[in-house]
Amino acid sequence: MLAAEPFTLTWTASDDDGDALNFTVDYSQDGGAHWQTIGSGITTTRLLVDGARLAGATQAKFRIIATDGVNTGRDDSDGTLR
């Protein structure tokens, strides 16, 4: 189970031609079968997450979606979190 207290989720990202990136963070409680957005319009590579607001899970995953306004990429957390 993920912690019920706040924690900081961090990631790294870059744009080949230096454009500013905008991020969306999704959460899955079922290993990636279904996703819900927990943050959008993020302009930094970190998000303070209130663990008490996330649905409980034994196969939690996070997905980061990055866009420069034209191109979009995404990456899911490796494995599942407990």
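Since every read-out is calculated from the coordinates, none of them should be taken as a lab result. This one's a predicted model, so the numbers in the text were calculated from it and none came from an experiment. Neighbour counts are summed over all protein chains in view; Cβ atoms, including those assigned to glycine, are modelled from backbone coordinates with ideal geometry.
What is segment 6-76's relative contact order, in percent, from Cα pairs under 8 angstrom and six or more apart in sequence? After rounding, I find 38 percent.
Once you list every other residue whose beta carbon is under 15 Å from the beta carbon of ARG63, what net charge do they have if Lys and Arg are +1 and Asp and Glu are -1? Please list the in-between numbers first.
Values: positive: LYS61, ARG74; negative: ASP26, ASP30, ASP75, ASP76, ASP78.
Value of the local net charge: -3.
Here the convex hull built on the C-alpha positions of segment 6-76 has a volume of 84 cubic angstrom per residue. The dipole here belongs to the chain: it is taken about the Cα centre, uses +1 on the Cβ of Lys and Arg and -1 on the Cβ of Asp and Glu, and is about 420 debye. Other residues with beta-carbon under 12 Å from the beta-carbon of SER28 carry, at +1 per Lys or Arg and -1 per Asp or Glu, a net charge of -1.
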